[in-house]
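Trainee: Encoded as structure tokens, here's the structure I'll be asking about.
The values are calculated or read from the model by the stated rules, or taken from the named source; none is laboratory data. Keep in mind it's a predicted model, so treat the numbers as computed, not measured. Neighbour counts are summed over all protein chains in view; Cβ atoms, including those assigned to glycine, are modelled from backbone coordinates with ideal geometry.
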Amino acid sequence: MKTILKLKLNTDPRWVDIASKNLEDILVDHAWCEQKAASTGISMIIHYPEKTRLVEELTALVAEEWEHFDRVLQELRKRGFALGRPRKDEYVVQLLTHVRKGGARERQLMDQLLVSALIEARSCERFKLLWKNIADPDLSQFYYELMASEAGHFVSYVDLAKEYCDPQEVDARLQELLKIEGEIVTNLPVRNDRMH
């Protein structure tokens, strides 16, 4: 999975132990991550409506992310938990500071797509950890299903970037952002209440 996603750094193994003991917090944070992923897709459709393939693919992706949001809500209800309020995702906030402002619209779009791809890749990697290590068999199966979906979203975002920008430039920028993403993960504390 790491090879497909190209991540430079694995999640600290302590994260899954901490997360599995704080299911309510993790599920609440996960629900909001799915909502934000859907909102990001909608925002890109609004900003780039002339890009037909992007609109078509992100429309499907948004529907899938919203379905995931609903599925996480079901997992919360099943366990007697409420949704709770959204929390600041420092990981995403730091990644977004590397979306370049100004210049060509296509360059901004490339950065937005690649940052979204990296968020999906990190989520996928964390879902894999939960699938393999969480004691609850229903949640384990749930995270297995979502893991495959997030890997597909990573690929879709990178492919869209290559559709609208020079593929070699996309590959080079992806390598830069992968390095930055690894540094962000290294410097963030291991939290028991965050998906990222």
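Trainee: Go through the residues of segment 29-39 one by one and say whether even a single one is over 17 Å from residue 115 (Cα atoms) and either touching an Asp or Glu at 6+ places or on another chain (Cβ under 7 Å) or among the charged types (D, E, K, R) (or both).
Mentor: Yes, there is a match, as at least one residue in segment 29-39 is over 17 Å from residue 115 (Cα atoms) and either touching an Asp or Glu at 6+ places or on another chain (Cβ under 7 Å) or among the charged types (D, E, K, R) (or both).
Residue-by-condition table, conditions (1) loosely packed, with under 13 Cβ neighbours inside 10 Å; (2) modelled with pLDDT of 95 or more:
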residue: 149; (1), (2): no, no
residue: 159; (1), (2): no, yes
residue: 163; (1), (2): no, yes
residue: 167; (1), (2): yes, yes
residue: 174; (1), (2): no, yes
residue: 185; (1), (2): no, no
residue: 191; (1), (2): no, no
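Trainee: Looking at segment 156-196 only, could you name the residues that are out of contact with any helix residue (DSSP H, G or I) (no Cβ under 8 Å at 6 or more places or on another chain) and among the hydrophobic types (A, V, I, L, M, F, W, C)?
Mentor: 172
Trainee: Which number in (1) out of contact with any helix residue (DSSP H, G or I) (no Cβ under 8 Å at 6 or more places or on another chain); (2) at pLDDT 95 or above; (3) over 30 Å from residue 82 (Cβ atoms) marks the one condition that residue 54 misses?
Mentor: It fails just one condition, (1).
Trainee: While we're here: Got at least one residue in segment 103-115 being within 12 Å of the chain's Cα centre (by Cα), under 20 Å from residue 37 (Cα atoms) and at pLDDT below 95? Give the derivation first.
Mentor: Taking segment 103-115 as the starting set, the residues that turn out to be within 12 Å of the chain's Cα centre (by Cα) are 113-115.
Now narrow it down to the ones that are under 20 Å from residue 37 (Cα atoms): 113-115.
Keeping just the survivors that are at pLDDT below 95 gives none.
Checked against the condition, which is being within 12 Å of the chain's Cα centre (by Cα), under 20 Å from residue 37 (Cα atoms) and at pLDDT below 95, segment 103-115 yields no hits at all.
Trainee: If I ask for residues that are touching a Phe, Trp or Tyr at 6+ places or on another chain (Cβ under 6 Å), in a helix (DSSP H, G or I) and more than 23 Å from residue 48 (Cβ to Cβ), which ones from segment 70-128 would you list?
Mentor: 127
Trainee: Scanning segment 104-120 for residues that are closer than 21 Å to residue 9 by Cα and of a type in the set (Asp, Glu), which turns out surrounded by the fewest Cβ atoms within 10 Å (Cβ to Cβ)?
Mentor: Out of the qualifying residues, it is 111.
Trainee: Does segment 132-146 hold any residues that are free of Cβ contacts under 8 Å to residues at least 24 places away in the same chain and within 16 Å of the chain's Cα centre (by Cα), and which are they?
Mentor: The answer is 143, 144, 145.
Trainee: Only one of these conditions is not met by residue 155: (1) closer than 24 Å to residue 28 by Cβ; (2) surrounded by 14 or more Cβ atoms within 10 Å (Cβ to Cβ). Which number is it?
Mentor: (1)
Trainee: So, one more: May I ask you to verify whether residue 142 is under 21 Å from residue 74 (Cβ atoms), among the aromatic types (Phe, Trp, Tyr) and out of contact with any Ser or Thr (no Cβ under 8 Å at 6 or more places or on another chain)?
Mentor: Judged against the criteria, residue 142 is a match.
Trainee: I'm checking my understanding of the structure. Among residues of segment 5-27 that are under 15 Å from the mean Cα position of the chain (by Cα) and either buried (at least 19 other Cβ atoms within 10 Å of the Cβ) or not in a loop (DSSP other than H, G, I, E, B) (or both), which one is modelled with the lowest pLDDT?
Mentor: 5
Trainee: Something else about it: Restricting attention to segment 50-59, report how many residues are surrounded by 12 or more Cβ atoms within 10 Å (Cβ to Cβ), in a helix (DSSP H, G or I) and of a type outside the set (Val, Ile, Thr).
Mentor: So the count comes out to 3.
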